[in-house]
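Asks: Input: one structure, supplied below.
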Amino acid sequence: METKKKTFKGGFVFKGFQGYPLAVVESIGLPETVMYPLLDTKSLNEALVSKGDTVKAGQLLWQNDDVMGSPVIATINGTVKSIKPTMWEGSKVPVITVESDGTEKWTPVKGVTEDLDSLDAADIEETLYFAGVASSGRDGIPTRFNTSPIKSEEVQHLIVKHCESDVYNTDLSVLLRENTLEDFFDGLSLLKKIMPNARVYMAMNRKNPPWIKELSSDLFDEMVLVTPKYPQGQDEILTETVTGMKIPGECTPANASAIVLDVQTVLHVYDAVKTGKPLLEKIITMAGPGFSNRSHVKVRIGTSFDQIVKGRTAGKENRYIINSTMTGSAVSDMAKPLESDCNILIALEEGRVGEIMLWTKPGFRKHSIMNTMANAIFPLAKINNTNMNGEERACLSCGNCYNVCPSGLYPTQLFKYVERDKVDETVMRYGIFKCIDCNLCTYVCTAKIPLSDFMKEGKARLIKDGYASKKEILTSYGLKETE
Amino acid sequence: MRKTQKLLHKVADLKIFSPFKAVFETIDGIVYGTPHVTPGAPHFLDHIEIKRFMIFAVAALIPTTVAAVYFFGLHVLWMIITSYVVGGIVEVSFALIRKREIEEGFLVTGLIFPLILPPTLPLWAVAIGSFFGIMFGKEIFGGTGRNIFNPALVGRLFITMAFPEIMSARWIAPFTDTLTSATPLTVFNGEGTITSLRELLFGIGLQTGAGSMGEVFRIGIIAGGLFLILAKVTDWKIPTFYLGSVALFSWILNMVSPQVAPPAFQLLSGGLLFGAFFMATDPVTTPYTKMGKVIFGVGAGILTVLIRGFAGYAEGVMFSIILMNGMTPLIDHMVMENKYRKSTI
Ligand code: SF4
Ligand code: SF4
């Protein structure tokens, strides 16, 4: 195993904020009801169960191999209360509601074996598919069941990441205490069997020496120690840092024959194959100053956010954000269920009241990319809420946005072109497609201009107006097309 | 919402005040902060904002300002007040006409402008210069962030050309150009005498007169400039390359022709330090590209040495900065084209 230090230019280190979680795992018990939206179908008849049926945790509720992804499985034991079409992010999809019977047991996935070495890739793929694990991560885990845009043998780089570059991160010790280190390595060997041609990397925060030592193993071809600055954990930048291949914003690591997975997914792989445990529950990191009590919790997938945050909100008006304060989406309806791609749930208080004469105050608890807050000298825990912290103004070329842009762009200039409706070859040549939507430019802008929104608009318009197609982008960056 | 804020909104809603909506909105923003929340990702934002940015620039000018008042008396204070009042009126009127918020940029321009004037300029001339500078240096381009030339320099240039006699009457020795009548430099150009560097640094006991009132207390200027760089409000590249290239080129040229003053004297005399730290770093009128900043600094440095040495003007700082301001869009364009000359997507 080689160890290499790698990083990228730009970026921003988020540290010293309020609301970090404790490194403990709590159980919140079984939910009373769970919901499963069948996002990839419109028809009610495709559900494999009907109203009134008894279901067991691990049982298939929906399956369609023509659609990319895993089957939908039940995560608790109970009875189907209803199957009805519901509005879901703009379109109507069938939603199955199951009422719990209060038992914790689950049905193992078929074909489980104790002897991991005797398994071949086909067995593992099948287990992962039916356990619902195969669709974890941005591009899924490639199996012959159409769970990823690329085929298993095409994967050249398998990157396992734990970069801790976002504002709030999952604690590695929590994950590896629930399962052991050996489980993690076993999970990794299983993945290596599926993707035999891949070079395997572990991308780690280089400021985490105890775990670097523990995780050093010859199962990895390379240990990449990265600087924990945002957006290092974002798959596009991570793939570029690790493999040297630039992934433009419209593409995914799969286009560079790379698969990026997090530590928890590797553990799920182990669980599924070794014990037959389907993807029933996840460890969710609950962070942010909006929670009165912050920790990691074990939650069954399909539990509504209401049930997850119960008793932790302290009566505040919060915004709940999935996975990242920088790029994640806010939970629009707390009655919605947790989906399997959620790792972190962040609560930020809505800052609807501005602070009086803020600009004259020293700012002991305020963060700023410039050293204009007393916090730069006296680092007390920084307050963060959703207030805009200032009014939108004309750009004053302060330089923050292009000093932090991880893609080396000049967002200020690109934004001016898009704002003035000059979306043509020039913006394309100035690299707008390199933008990976990390939103860091908007975060640091002194004039509070929503720069990244302009980037998105510019890219969408270039494609719409026929200046570039996805295929042309891929060719010009030397990447491969995927399904 | 707070009670006083509600009251403010009630007053603002009165019919007679409807043309002044922008003013009320600005007061609301200054006093109560913004009530808006982020519309989506990113869900929280950095605390740097334009008011704090500007207040830092003003704070960095305080030592210089206090020294100017100390050296030249209360008239200086009146000049500053005049500049702010006139600048404020122009800014607010344009905000009302455009129905937009009042831009905070004049907080800095309003202070820099009097500091680059001779200390005994009559107030009416300050008023005219301030009006002209903000109006034609900034507002006709569309306000802060859209102007090409540094508004303070535009104002200064205008009164120099319109009233050469009052700009020169008290301060200008025969050889001096009007831009900054930097007298130790004039003395050097005339007699080849170098004023002691210690005198230059502190401005105390300076036998010869000052060109403009803000350039005298050089320790204060350096401290203010470093403060801004450490606070990351200004970029280090332009001052470093500007001062560096002045030192380098004056060293080379001084060896060739003694007509050019030696490096240390060049750096510490005239408006160079003030210009390098506070005017060449104005983010709006200087290049935004990193390479462009370097080119700007070096270009301004060469121009300054050349003008000072050969053009028959004693002071070249303001001229070189305004010339480079004019070149800024071109520099940026060339840097961008060069950087992306190979790419198509
Ligand atoms: S961060 Fe905002 S104000 Fe600063 S240069 Fe970029 S766009 Fe302009
Ligand atoms: S332009 Fe903005 S959103 Fe795009 S990569 Fe750069 S910093 Fe991120």
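Asks: Per residue of A:337-349, what is the mean number of Cβ atoms on other protein chains within 10 angstrom of that residue's Cβ? Numbers along the way, then the final one.
Replies: Working: counts 0, 0, 0, 0, 0, 0, 0, 0, 0, 2, 0, 4, 2.
The per-residue average across the peptide is 1.
Asks: Which of the peptides A:358-370, B:322-334 is most tightly packed, and how do the rest follow, judged by the mean count of other Cβ atoms within 10 Å per residue? Don't jump to the answer; show the numbers that get you there.
Replies: Values: A:358-370: 19.5, B:322-334: 17.8.
Result, highest mean Cβ count within 10 Å first: A:358-370, B:322-334.
Asks: For chain A, find the longest principal axis of its Cα atoms and tell me its angle to the long axis of helix A:181-194, 0 to 90°, nearest 10.
Replies: It works out to around 80 degrees.
Asks: Sort out for me the Cα centre separation of the range A:263-295 from the range A:309-352, rounded to whole Å.
Replies: About 17 Å separates the Cα centre of the range A:263-295 from the one of the range A:309-352.
Asks: Something else about it: How many partner chain Cβ atoms sit within 10 Å of a residue's Cβ in peptide A:361-370, on average, as a whole number?
Replies: Details: counts 1, 0, 3, 0, 1, 4, 5, 8, 4, 12.
Partner-chain Cβ atoms within 10 Å, mean over residues of A:361-370: 4.
Asks: Separate question: Could you calculate the FRET efficiency of A:Ser173 with B:Leu323 from 1/(1 + (r/R0)^6), where r is the beta carbon distance between them and R0 is 45 Å, rounded to 0.05?
Replies: 0.15
Asks: Sticking with this one: For peptide A:421-433, compute the average count of partner chain beta-carbon atoms within 10 Å of each residue's beta-carbon.
Replies: 2
Asks: Let me ask another. Given a Förster distance of 60 Å, report the FRET efficiency between A:Asp115 and A:Ser43 from their Cβ-Cβ distance, rounded to the nearest 0.05.
Replies: So the FRET efficiency works out to roughly 0.90.
Asks: As I understand it, the value is the acute angle between the Cα axis of helix A:121-130 and the longest principal axis of the Cα atoms of chain A; what does it come to in degrees, rounded to 10?
Replies: Roughly 80 degrees, rounded to the nearest 10.
Asks: What is the distance in Å between the Cα centroid of the range A:185-249 and that of the range B:255-283?
Replies: Using only Cα atoms, the two centres lie 52 Å from each other.
Asks: In degrees from 0 to 90, rounded to the nearest 10, what is the angle of the helix B:21-32 Cα long axis to the longest principal axis of chain B?
Replies: Value to nearest ten degrees: 80.
Asks: Identify all lysines with a Cα-Cα distance to A:Lys459 below 23 Å; exclude those on the same chain that are fewer than 8 residues away in sequence.
Replies: Once the sequence-local lysines are set aside, what remains near A:Lys459 is A:Lys9, A:Lys246, A:Lys416, A:Lys422, A:Lys434, A:Lys448, A:Lys470, A:Lys471, A:Lys480, B:Lys339, B:Lys342.
Asks: Under the 0.36 nm per residue contour assumption, what length would be gained going from the current alpha-carbon distance of B:Ala59 and B:Asp13 to full extension?
Replies: 13.1 nm
Asks: Determine the distance separating the Cα centre of the range A:1-80 from the Cα centre of the range A:116-170; give it in Å without decimals.
Replies: The two parts, judged by their Cα centres, are 15 Å apart.
Asks: Treating only the Cβ atoms of Lys and Arg (+1) and Asp and Glu (-1) as charged, compute the dipole magnitude of the protein assembly as shown about its Cα centre; round to the nearest 20 debye.
Replies: Using only the charged Cβ atoms, the result is roughly 2180 debye.
Asks: Describe numerically, in nm with one decimal, the distance between label points set 7 Å from Cα along Cα→Cβ at A:Asp306 and at A:Ser216.
Replies: With each label point 7 Å from Cα toward Cβ, the separation is 5.2 nm.
Asks: Quick test of your reading: applying the under-4.7 Å Cβ rule, which cysteines of the protein assembly as shown are isolated?
Replies: Singleton cysteines: A:Cys163, A:Cys251, A:Cys342, A:Cys395, A:Cys398, A:Cys405, A:Cys435, A:Cys438, A:Cys445.
Asks: Would you calculate, for the protein assembly as shown, the mean residue ellipticity at 222 nm contributed by helices, counting each DSSP H stretch of 4 or more residues as -39,500 (n - 2.57) and dividing by all residues, to the nearest 500?
Replies: Only helices count here, giving -11500 deg cm²/dmol.
Asks: Oh, and also: When we measure straight from the Cα of A:Lys84, which lysines land under 25 angstrom away, once same-chain ones fewer than 8 places off are left out?
Replies: A:Lys42, A:Lys51, A:Lys56, A:Lys92, A:Lys336
Asks: According to a simple spin-label model (label point 7 Å from Cα along Cα-to-Cβ), what is the distance in nm between B:Val92 and A:Lys207?
Replies: Between A:Lys207 and B:Val92, the label points sit 4.7 nm apart.
Asks: So for chain B, averaging the separation of alpha carbon pairs under 8 Å that are six or more residues apart and normalising by length, what relative contact order in percent results?
Replies: Relative contact order here is 16 percent.
Asks: Sequence gap at least 6, Cα distance under 8 Å: using those rules, report the relative contact order of the range B:2-166 to the nearest whole percent.
Replies: Result for the range B:2-166 is 20 percent.
Asks: Cross-link partners among aspartates and glutamates for A:Lys310, C-alpha distance below 19 Å, same-chain residues fewer than 8 apart left out?
Replies: Once the sequence-local aspartates and glutamates are set aside, what remains near A:Lys310 is A:Glu26, A:Glu32, A:Glu99, A:Glu281, A:Asp333, A:Glu339, A:Glu349, A:Glu350.
Asks: So if R0 is 22 Å, what FRET efficiency would B:Asn338 and A:Glu472 give, r being the distance between their Cβ atoms, rounded to the nearest 0.05?
Replies: 0.40
Asks: While we're on this one: Pairs of alpha-carbon atoms within less than 8 angstrom and 6+ residues apart define the contacts here; what relative contact order does the range A:393-476 have, in percent? Each step should come with its number before you reach the end.
Replies: Details: 94 pairs, mean separation 28.4, N = 84.
Answer for the range A:393-476 is 34 percent.
Asks: Measure off 7 Å from each Cα along the Cα-to-Cβ vector at A:Ser91 and A:Lys361, then give the distance between these two points in nanometres to one decimal.
Replies: So the two model labels end up 4.6 nm from each other.
Asks: Sorting check: for A:4-17, A:397-410, which peptide has the highest mean count of neighbouring beta carbons within 10 Å, and how do the rest follow?
Replies: Most protected by this proxy first, the peptides run A:397-410, A:4-17.
Asks: I need the peptides B:111-119, A:133-141 ranked by packing, meaning the mean over residues of other C-beta atoms within 10 angstrom, with the highest value on top.
Replies: The most tightly packed comes first, giving B:111-119, A:133-141.
Every number in this text was worked out from the coordinates using simple rules, so none of it is lab data. These numbers were taken from a predicted model, which means no experiment stands behind them. Counting neighbours? That spans all protein chains shown, and the Cβs are built from the backbone with ideal geometry, glycine included.
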